[in-house]
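Peer 1: Here it is, the structure in full.
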Amino acid sequence: MPGKKPCMRDGMTNRTQRIPPDGLRMLGELERKMLWLASWTIHYANHLRESTDGLKVGGHQASSASLATIMTVLYSRTLRPQDRVAVKPHASPNYHAIQYLLGRQTQEKLANFRGYKGAQSYPSRTKDTDDVDFSTGSVGLGVAQTLFSSLVQDYVRAHGWGLGRPEGRMIALVGDAELDEGNIFEAMLEGWKQGLRNCWWIIDYNRQSLDAVVREGLWETCSRILAGTS
């Protein structure tokens, strides 16, 4: 809206805060640096790295780039130590680039992206070394994991365990095409039955899918479903 200043919700106080101009410029620079590194990682893996068979390895550059702004703000200004994130599979280049900028990923693993012992195609707790919270290689499963992790957190606290630690938010960065997966909707009903709390699903509505263009108007259907289970 004209004249409306950018704002965001502070991760520590849960209050809406205005982002000062210097803060916006800093976020913009971080986003460009992360996006360049993610794009170069994909380009290097497909066009510059030595290949014995000449085949390209892919990397989902467009559907990764569509989350660049959200992931920049999330990882630089919003997340708290107790929060956990399920990054959509196709945004793994962004994730590895962010972890590199934070000092948790190596240049060697970025150079071997989608290769032997390199940064994984999709975030993996068992194969990646840069502090992945949820493995999301099976499309849709990472989304449901955040919901059930939130329910488990409530169960643990209801039994008097871990009360000295702050509650974490379980956050899923969801690709719009992931909403084709039935397990997501099964999880939503379970969350509704159990009074789900501390769970964010951020849907990246870029209308891109390996199978086809995501159907126009999907966001309206998703909005109705989410409203009906809230």
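Just so you know, all these numbers are worked out from the coordinates, no wet-lab data involved. A quick note: this is a predicted structure, and the numbers were derived from the prediction, not measured. Reconstructed Cβ throughout: ideal geometry from the backbone, glycine too, with neighbour counts over all protein chains shown.
Peer 1: Among the aspartates and glutamates, which fall within straight-line cross-link reach of Lys117, defined as a Cα-Cα distance under 12 Å, with same-chain neighbours fewer than 8 residues apart omitted?
Peer 2: Hits, sequence-local ones excluded: Glu108, Asp128.
Peer 1: Find the eigenvalues of the gyration tensor of the Cα atoms of the chain, then list the square roots of 5 times those eigenvalues as equivalent ellipsoid semi-axes, largest first, in whole angstrom. The partial results should precede the final answer.
Peer 2: Details: eigenvalues 167, 94, 80 Å².
Semi-axis lengths for the chain are 29, 22, 20 Å.
Peer 1: For Asp204, which sequence-distant residues (separation of 5 or more, or a different chain) have an amide H within less than 5 Å of its own amide H, given hydrogens modelled in the peptide plane?
Peer 2: The list, which skips near neighbours in sequence, is Val174, Gly175, Asp176.
Peer 1: If you keep only loop residues by DSSP, which chymotrypsin sites (Phe, Trp or Tyr not before Pro) in region 103-148 have at most 12 other Cβ atoms within 10 Å of their Cβ?
Peer 2: Numbers: sites: Phe113, Tyr116, Phe134, Phe148; in loops: Phe113, Tyr116, Phe134.
Counting only loop positions with at most 12 other Cβ atoms within 10 Å, the chymotrypsin sites (Phe, Trp or Tyr not before Pro) in region 103-148 are Tyr116.
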